[in-house]
Structure formats: structure tokens, C-alpha cells
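Participant: Submitted below is the structure of interest, expressed as C-alpha cells.
All of the numbers you see were taken from the coordinates with simple rules; none came from a lab. What you see is a predicted model, and the numbers here were worked out from it, not measured in a lab. So basically every Cβ, Gly included, is an ideal-geometry build from the backbone, and we count neighbours across all protein chains shown.
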Amino acid sequence: MKWVGLIAVLFTGGLLLSAMDDFPNWGDAHSPANASPVSQYFIEKTIEDSGVPNMVTAVLADYRSYDTMFETVVVLIAGIAIMAILRVGNQIPRGARPAPVSAPASVNDDHQDIIIGTTCRLLIPVLQLFAFYVIAHGHHSPGGGFQGGVVLGTSFILAAIAKGLDPALERLPETRYVKIAFVGVVIYSAFGVACLLLGENFLDYGVLSVLLPTIDAAEARSHSMLGVEVGVAFTVSAIMFAIYANLASKGELEGGL
Amino acid sequence: MIWQFDIIILIFLVITAVISLRVKDLLAASMVFGTYSFLICLLWAGMGAVDVAFTEATVGAGISAVILIATVYNTRRDSSD
Amino acid sequence: MGETFKANVIDHFNFWVAVVLMMIGLYAMITKNNLIKKLIGMSIFQTAIILFYVSAGVKDGATIPILEHHAAETEQVEAGEHVEGHPVANHEAHAINPDDYSNPLPHVLMLTAIVVGVATLGVALAVTQVIYKNYGTLEEDEILAKIKAAENDG
Amino acid sequence: MAEQYPIIVLLVLLFGALLVGLSGMVDRRVCFPLAVTALSLAVVVSVGILQQVINGGVIRYFVGGWSRPVGIGIELRIDTINALVLLTITTVGLLTAIFSFRRVQEDKTEKTPLFYVLYLLLIMGLSGMVISGDAFNLYVLLEVSSLTSYALIAMGKSRRAATAAFSYIIMGTIGASFYLLGVGYLYLRTGTLNMMEIHQAILALDGSSSTIVVAFVLILVGLMIKMAFFPLFGWLPNAYSYCPSSTSCVVAPLMTKVGVYVMIRMMLTVFGTEWVFENLQYAQWLVGMAIVAILAGSVMALAQVELKKMFCYLIVAEVGYMVGGAWMANHWGMVGAIYHIMSDAFMTLCMFLAAGIFLKQAGVVRIDQLDGMFRKMPVTMAGFVVGALAMIGIPPTCGFFSKLYLIRGGMESGHWGYVVALLISSLVNAVLFFRIFEIAYFGKKPAEGHGHHENHSTVSVIKEANVSSLVPLLASAAIIVLLGIFNSDIVELIERALNGSQVIGMNVLSGKGGQG
């Protein structure tokens, strides 16, 4: 097996390297990829089309938003798949139900690890606030729905690592995060369907300006991008937590690390 | 970008990749893999791909490492290779 | 000396390292015995591909693909033409030189690829946990031996 | 409305999945009707698309309205070939969804909504792959369909489902990554992701670029892993035979066929047939590998004792048929390969549906457990016989006509080895299936040496399957016959795409003769 693998890998590597002298130079601004009309268009016309200075956000959420929608679906699939795989034939895990607990402040209750508890209490709100900033400010700075959603999900993961899975699941039980994940994709595709209903192609946000008479097509694009990024953030944050919660507890949603 | 940094990071990348695959402790392998992700995120930030770097920092160095560690915790730590 | 060295080595060095990382990852995926090691190899393979794409979009001397002098220009345009509130003006396009910004398209593609990568990793890890529950080991040869033993037992 | 059909077929499935997920948490019983409704709508819309393509030529749909310059947005591009394959996918999806009704009734866990969400998204991913006109968008949808199929396979109750799914994940990821890398090489040299634009750029490069060659090899190898072409098929038999019946009935007919379809799409639209057949000298090699694949698949199928495993190895052989046909550089070979995508999808569906019914009703895993099935389950056997005759290649069924076109292509292009391999494989199929018929008709002696699954006493009360299982089986059998009867019309549609301006680079394939 080792030899077969080695030969296959060396063959692949040789194949990959064999085209190397045909490559454009590294950093060449006039290579076919960098000087193509497509790439030029993105750099030159993004401001005109939607007024969004971060071209990556504009390409992600507007020009190639069809890809991004399916990317969100991929995230959703990952979460659903992990739940489906890890629950081998058993009933609903106990932790999946919204717990009828009477102690809402269990994150603060534990006095055993005071350093971790305090740090988390300080860090989690800041993380969540930062996540919202990243989502909302994706038009002007690096960031957007994916990054913000992951940071938001990470704040729940942090709570789950520091305090155990149960207190985190009290705040975000399974029924809720699954719902949030689905609603995220619904938000995204609803923007597309709205364009469809208004008589344009799917995800052609410009037409949405008729819904809000004070804005023009470019602003409608910009605002719709924010809207779909929020949808992405819903799905990604919920699923990131779902992946962690299920993997950390073998799908039983109790105990955790 | 500064090419000296580029080269240093690229060399470290190969080193961390090899270490994370050679080390026999899976927990350590996951941690080194987190380092690898972080280094490659630095590299991308240097190349001007800030959004990609941000995503890699959160997803690669964050979530991937955490779920790897969660799985190692739930299975076993030692590996034969 | 710096320039010639740069021309010879760095021009393709990124691609070289990407290919080396791909080979490392692929080798681990094919030959490693431990399932988690295979998955780490898979992640390395995927990040190497992403490195390849990102390297394809780099331009020398270009900055990040965010229009930074956007605000100043908008003000100028507004002052000149009394455009209201938002930066939609054709004149602005002339101010943007594509060589100044790195190519945004590979970045967008690779955002997708990163997310796909972590989704695959998550699903694979879930399957790994199920395998461990079924067979009590993560070593491929031991699992195969147990499967064979189970078959022989009937 | 009609011009929005390409996106609506995906949206129907997507919203179906979302609705199943959201309402399925409240009441599991709504999952099945919702899924079947969504899939029926998808079938209706894909019929509409087919009509539209027949009447109005190629559909180009620009998502987000980004049509100019071409390539900034994502284009959906449908010619008659895509429309036929799309209709095949949605139909197979609908039939298997009806088949899965039993599963819902018996499954007491919370997994039912999860199953249907993944199922609908799998069909959506495959449909999206088929109609996409953007190389990277195809990768995203490839991952949508791959991830859902990993999960559906890993959901199997068998202990080995997880290990099979794991090796599938590893191989599938290598395949998808190779495809992604190939697209990266293409992008590096051409600067665009739109398939038509890539083709224009490749023509402009005039065959001088080694990057394009490497890109082609990478994409080809990646897709070969996905379609389980001969040396790279190791993941397939376990993955398809240890998963639940309702999963294998959708994964086995569709996944490999869509892989073949994407390869043909790459050959026809992205790289162009002139470049593929004249610039590259791989055609002989690939036909040779296809011959090996056909023979190896048939021989390994002969050696199997389990029904589903046998069908899996037959899939390997069938993939060899299609790859060989596509690489003959001959008009009839290509037509036969495309026609065989459709006919093989329904033949495989029929086989796996029958295997699923046998497993459910009688606990049949091995071939020798089928004794007396003609008496016990006559209707199921009737459907199975039609599928089996198609696999062998008996005239009224579609299997005969696809083999006819493939053999004609092989003879015209002088690939006699391929013709012989095809005939040998048909012979092997005949041996295999007549052995099954013999066992099922005459029964066999109960005394046997194996100590495995000896629960004959418990299966003595074998009843005919219920309606929800028989309807899809008989429908697939009917489609097999209909495809055969209307073969000339379908071939006419395929030829229209190959000859007309719909697919570029036609001058190799449009002539009725061999390679120019």
C-alpha cells in the first residue's frame, strides 16, 4: 500500500509540476487570470454596480451569489449529516430537548474554575459583539456572513468548552439551532425568490429597489447583500455549534469534553 | 508582500505539515494542524487575500482544530503512525 | 542579487510549495493507517489547493481587494456633481487601476472551498466516531482484520 | 415564468428540503408527502425544460442577470443532452422517494426528516451539476451531492456502512479535489470559469499550453474516481451495498452516471472535441482501459454471491461501456454513451429496487436465497425480469439499443476489442441473470453448506411487496421499455445537440464516419 501510494503521489506531483514552466510568473499582474475581463470587471465596476468597496463581498454575495447559496447549503448539509450519522438508531437524545431547567444562570454558578468562568464571561459577549460587527461590516472590511457566523458559533463553542455542553445547550438547544440553520437558508433563498417574483432572474437584487422606493438599484444590491450575509451567518453559526456539540458528545448531546 | 517572510512561512508550513502527520499522539497532531492552519492564514493575509485569511483563521485554526480534538477526546489518542 | 534570486526562485516558489503540500497530504490520505491522520492529510491537501488558487490571484505591488480611497473619491464626485448620498458615479471607474488590487475572484472561490473543506472534515469525523464505536479502534488494518474475523464467524 | 424553469427546478427541491426540515421536526408524517410533491414538481418542470429546449434551442440562464461580460456571473446552460439527463435524475429521484415510503412507516427514530432533507438536497445537487454552465459552480454542487451521499450511506444500519462511507469520503474527496485543482489550472491559464469562455480561450491558445493538458488529466482522473472507473472503483461495492435500500436505489443509478455525464460535458463543451481527440492522443488508451474495466467488472460480478454486490460490479462494467463509447472519437460511440447514461440509470434503478424489495420482504442477501421467487413474488419478479433483460440487451428494452449504438460506434472507429468486450460482457450478464432466473423459477435444494444467514424458517411467509414498493419498480421497468421503443427519437435529440451549434467542437463527432 505504501508503495502504491508513493508511486501515485509522485506521479501526481510530477504531473502537477510538469506544467510549471507554462505558468505565468508569480505576482504577474498581466497573467491570464489576473488580466482577464472578468477580474478587471470586478475591480472596476463593483462600486458602480453596488457601491460596496470590498470586492470579495460583492463577488461573493452578488455576482456569484448562486455559488454562495449552495455553499450555505453545504454547511447545512454538514450539520444535518453529522446529526444523522451519529444518532445510530437511537431515540432523541436527552440533551436535544429544551431542558426544563430552573437554574438559568448555570454559566455563573460553577465556582470551581473561577479563572475560566470569569474569562468566558468577559470574552463571550465581546466575541458575539465582534461577530455582529464582522457580519455587518463585511461591505467595508474583511469579513461577512461566513466569518461572522463562525465567530458567533465559536462563542457558543467556547461556552461549551469552558462550562460543559449542558449549559451551552440550555441556551441553544437542538430544536432551536436546527431551526436557525434552516431559517438561514430560507432567508438567503427568499431574497432570490423575491427577485424572481418581481420578474427578474434569480438573485438579481437590483429589482428589489421597487420594494423600497427611496433606494436605487445599486443600494438595493448593497442592502440585499447584507441581507443574504445575515442568512449565511444564521446557518453557519448554528451549524458550527451543532457540529461541535454533536462531535464532542458522540451525538448524545450531554457531557461533552 | 515581503518575499523573505513568504519563504520563511512556506518552509514552516511544510515542517508543520510533516510534523502533524508524523507525530504519534493524535492530540498533538491536531494541535500542530491548528498551527499549520494559522501559518497558512498568515501567508494568505500577506498575499492580500484578507477574507480568505480571516475565514481560514476562524474555520481552519478554530473549528477544524476543535472538532479534531473533540473526536480525539471521544476516541483515542495514540496512533500507530 | 536580490532581484535575480527573486526572479528565479520566488516566481514559482509558491506553486512549488503548494504542490509539495499537496503531495504530503495526498500521501497521508492514501497510506496512513490511522483514520484521523488520513483526515489531517485530507485537510492539508485541501489547504494546499487553496494556496494554489490564492497564489494564482496575487499581483506584485497590489493591495487587498478593498477599495480604500473610495470615501475620498466619493466626496469629490459628490462635490462636483451633487450626487446624493451614495457612490454611484461613472467617473469613479477611471480612478481605479486594476493592477492596484489583487484579483478578488480566487479569494471568493476559496472562501467556498474552505467552507466545503470543514464541512467534509466534520462529516468524516462523525463517521470516524461511528467506526470507533463499532470496532473500538481507529487503525485501518485492525478494522479490516475485525471485519474479516466477523465474516469468517458468519 | 417559462424562462425561469432552470432555476425553478432547483428551487422546488431546495424549498422542499427546507420545508421538510422545518415541519418534519413538528410532525414526521408530513415528510414523505412533501418530498414526493417537491420531486413531482421537479419532474414536471424538467419536462417543461425539455420541451423548451426542443422547441427553442439552448437555454442560457444568467443567475443574477449578470450576462455581460460573460463569465462575471454564473450561467446555467441547457441543451437537449442536459435536459434529458436532468429529466432522468428527477424521475429516478421521484421513483425512489415513492419506494422509501415503507422506510418512513417502519422507522421509529427522529431520522426521517433528516433523511428526506439529505435526499432532496442530493437530487438538487445532481440536477444543479447537470445544468450548470460554470466550472466552479459544478464543483460546489458536486460537493453538495457528495456530502449528502456520504451521509446517506453512513446512515446504514450495517456495521460496515460507516467503514464503507469512510473510504468513500476519502476517495470522493480526492476526486473532488482533483477536479477543483484541474479547474484551478484552467483558470490560471484562461482567466475565466464559464465553460464556453474557457473553450474560447483554449481555442485561442491553439494547443500549445501544457497547463491545459495537465488540467484535463486532473479533471479526468477526478471524475474517474467519482464515476468508479476501473482501477479507481474500490470504494463503490461496499458503499453501495451496505447502505439502506432507499439510499442505494438513488445513489447507484445516479452518482456514477452523473460523473460520466460531467466527463462528456467537459469533453464536448469545455475542452472541445477537436482538442480532446486530435490534440491529445489518449483516446486509444482510454478505450483500452474501458475494455479492461468492462471485462474486470463482468468477471468480478460473476464471482459474487451477494445480489447487491453483483449489481455493484455490473455498474463498474457499465461505466466502462460509457467511457469507452465516449472516447471512441466516433459519432455513434458518443451517442451510445449518452443514451446509455439514461438507459443505465433506469436499469440500475430497476435492479436495486428489486434487490431492496427482496431484502425487505424475504431477507434475501445472497443470490441462492432467491429460490422460488417467481411463485412467491410474481409481480416483483416481473419487474426484475424486464430490468435483467435490459442488462443483457434483449431487443425491446433500452439496453439493447444502447449496446447497438455502442457496437456500431466501435465497428466504425475500428475498436474491435471494445466490441468483443461488450459482447463478452453481455454474455456474462446473460449467464448471471439466467442463473438467477433458474434459481428463482425452479428453486434449489435446501441443503447447503454455508452457515450464514440461515433463517429460511423465518422467511417462509414471504408475501408480495406492497404497492408503494411495486409502483416504482414497475414504473422503472415500463420506462426501460419505453426508452427502447422511442430510442430513435431520443437519439435524434442527442444528435441535435451534437450536430447543431449547441455543442461546440462538433466536426469530429457530427460526421457519421470515423475519426477525421
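Participant: Compute the helix-to-body angle for A:217-248: its Cα long axis versus the longest principal axis of chain A, expressed 0 to 90° and rounded to tens.
Facilitator: The two axes meet at around 40 degrees.
Participant: Could you list which residues have their amide H under 5 Å from that of C:LYS59, counting only those 5 or more apart in sequence or on another chain, with H placed in the peptide plane?
Facilitator: Hits under the 5 Å cutoff: C:ASN103.
Participant: Take the range D:246-315, drop everything but the C-alpha atoms, weight them equally and run the Debye formula without solvent; then report log10 I(q)/I(0) at 0.23 Å⁻¹ to two decimals.
Facilitator: -1.04
Participant: Return the inverse of the average 1/r over all pairs of distinct C-alpha atoms in the range A:124-185, which is the Kirkwood hydrodynamic radius, in Å to one decimal. Display every interim value, and only then the final one.
Facilitator: Working: mean 1/r = 0.0815 Å⁻¹.
Roughly 12.3 Å, rounded to one decimal.
Participant: Can you give the FRET efficiency to the nearest 0.05 for A:PHE11 and C:ASN97, using r as the Cβ-Cβ distance and R₀ = 51 Å? Spell out each step's value before the answer.
Facilitator: On the way: r = 43 Å, r/R0 = 0.84.
Once the sixth-power term is evaluated, E becomes 0.75.
Participant: Turning to a different aspect of this structure: List every residue whose amide H lies under 5 Å from the amide H of C:GLU139, counting only residues 5 or more places away in sequence or on a different chain, with H placed 1.01 Å from N in the peptide plane.
Facilitator: Distant-sequence amide H within range of C:GLU139: zero hits.
Participant: What is the distance, in nm, between label points placed 7 Å from the Cα along the Cα-to-Cβ direction at A:HIS140 and at C:ASP141?
Facilitator: Label-label distance for A:HIS140 and C:ASP141, simple model: 6.0 nm.
Participant: Rank these for me by crowding, A:MET20, D:MET155, going from fewest to most other beta carbons within 10 Å.
Facilitator: A:MET20, D:MET155
Participant: So, one more: Please give, to one decimal in nm, the separation of the simple spin-label points placed at C:GLU68 and D:SER158, each 7 Å out from Cα toward the Cβ.
Facilitator: 5.9 nm
Participant: Would you compute the Debye intensity of the range A:1-71 from its alpha-carbon atoms alone, equal scatterers and no solvent, and pass along log10 I(q)/I(0) at q = 0.17, 0.18, 0.21 Å⁻¹ to two decimals?
Facilitator: Rounded to two decimals, the profile gives -0.79, -0.81, -0.89.
Participant: Can you say what percent of the DSSP beta bridges in the protein assembly as shown, counting only those with both residues inside, are antiparallel? Round to 5.
Facilitator: The answer is about 90 percent antiparallel.
Participant: Next question. What is the range D:342-396's relative contact order, in percent, from Cα pairs under 8 angstrom and six or more apart in sequence?
Facilitator: Here the relative contact order equals 49 percent.
Participant: In what sequence do D:LEU138, A:LEU197 fall when counting other Cβ within 10 Å, fewest first?
Facilitator: Result, fewest neighbours first: A:LEU197, D:LEU138.
Participant: Work out Dmax and Rg for the protein assembly as shown from the C-alpha atoms and quote the Rg first, both in angstrom.
Facilitator: Over the protein assembly as shown's Cα set, Rg and Dmax evaluate to 27.7, 98 Å.
Participant: For the peptides A:172-179, D:217-224, what is the packing order when you average, over each peptide's residues, the other Cβ atoms within 10 Å and list the highest mean first?
Facilitator: D:217-224, A:172-179
Participant: Right, next: Output the DSSP H helices from chain B with an along-axis C-alpha extent of no less than 15 Å and a mean Kyte-Doolittle hydropathy no less than 0.0. Spell out each step's value before the answer.
Facilitator: Working: long enough: B:3-22 (28 Å, 2.01); B:26-47 (31 Å, 1.80).
Answer set is B:3-22, B:26-47.
Participant: Based on the Cβ-Cβ distance from A:ASN25 to B:ILE15, what FRET efficiency comes out when R0 is 22 Å, to the nearest 0.05? Could you put the intermediate results ahead of the total?
Facilitator: Numbers: r = 26 Å, r/R0 = 1.20.
Result of the calculation: an efficiency of 0.25.
Participant: So for the range B:3-74, Kirkwood radius off the Cα pairs, Stokes-Einstein at 20 °C and 1.002 mPa s: how many µm² s⁻¹?
Facilitator: 173 µm²/s
Participant: Further, regarding this structure: As a test of the definition: which semi-axes, in Å, follow for chain D when you take the square root of five times each eigenvalue of its alpha carbon gyration tensor? Largest first, please.
Facilitator: Computed over chain D, the values are 36, 27, 20 Å.
Participant: Evaluate Rg over Rh across the range D:257-385, taking Cα atoms for both radii and Kirkwood's formula for Rh. Can you show the working numbers first?
Facilitator: Working: Rg = 17.8 Å, Rh = 16.2 Å.
Here Rg/Rh amounts to 1.10.
Participant: D:LEU406: net charge of surrounding residues, Cβ under 13 Å, Lys/Arg +1, Asp/Glu -1, itself excluded?
Facilitator: Residues near D:LEU406 contribute -1 overall.
Participant: Turning to a different aspect of this structure: If you take the beta carbon distance between A:ILE114 and D:VAL299 as r and set R0 to 60 Å, what does 1/(1 + (r/R0)^6) give as a FRET efficiency, to the nearest 0.05? Write down the numbers at each step before the final one.
Facilitator: Working: r = 69 Å, r/R0 = 1.15.
With R0 = 60 Å, the Cβ-Cβ based efficiency is 0.30.
Participant: Find out how many positive minus negative residues lie around C:ALA113, taking Lys and Arg as positive, Asp and Glu as negative, among other residues whose Cβ is under 12 Å from that of C:ALA113.
Facilitator: Values: positive: none; negative: A:ASP67, A:GLU71, B:GLU56, D:GLU143.
That works out to -4.
Participant: With no solvent and one equal point scatterer placed on each C-alpha of the range D:10-51, evaluate the Debye formula and give log10 I(q)/I(0) for q = 0.16 Å⁻¹, two decimals.
Facilitator: Listed by q, the Debye log ratios stand at -0.40.
Participant: Let me ask another. Cut-off under 15 Å on the C-alpha distance; same-chain residues fewer than 8 positions from C:LYS32 excluded. Which aspartates and glutamates are left, in chain and number order?
Facilitator: Cross-link targets: B:ASP25, B:ASP78, B:ASP81, C:GLU139, C:GLU140, C:ASP141, C:GLU142.
Participant: Which residues does a label at D:ARG435 reach in the range D:347-368, if reach means a backbone N under 17 Å from a point 7 Å past the Cα toward the Cβ?
Facilitator: Counting only backbone N, you get D:365-368.
Participant: Once Rh is set to the Kirkwood radius over Cα pairs, what Stokes-Einstein translational diffusion coefficient, in µm²/s, holds for the range A:53-248 at a temperature of 25 °C and a viscosity of 0.890 mPa s?
Facilitator: Value of D from the Cα-based Kirkwood radius: 136 µm²/s.
Participant: Fewest to most neighbouring Cβ within 10 Å: what's the order for D:LEU181, D:LEU147?
Facilitator: Lowest to highest Cβ neighbour count: D:LEU181, D:LEU147.
Participant: Over the whole of C:133-143, what's the average partner chain Cβ count within 10 Å per residue? Rounded to a whole number, please.
Facilitator: Values: counts 8, 7, 4, 2, 3, 9, 5, 6, 2, 1, 4.
Across the residues of C:133-143, the mean count of other-chain Cβ atoms within 10 Å is 5.
Participant: Right, something else. Put a dot 7 Å past each Cα toward the Cβ at D:SER23 and A:MET1; how far apart are the dots in nm?
Facilitator: Taking the simple label geometry, A:MET1 and D:SER23 are separated by 4.8 nm.
Participant: Once Lys and Arg get +1 and Asp and Glu get -1 on their Cβ, which of D:HIS415, D:THR37, D:GLY175 lies farthest toward the positive end of the dipole of chain D?
Facilitator: It is D:THR37, whose Cα lies furthest towards the positive end.
Participant: Where does the charge balance sit around D:THR88 when Lys and Arg score +1, Asp and Glu -1, over other residues with C-beta under 12 Å from its C-beta?
Facilitator: Cβ neighbours under 12 Å give a net charge of 0.
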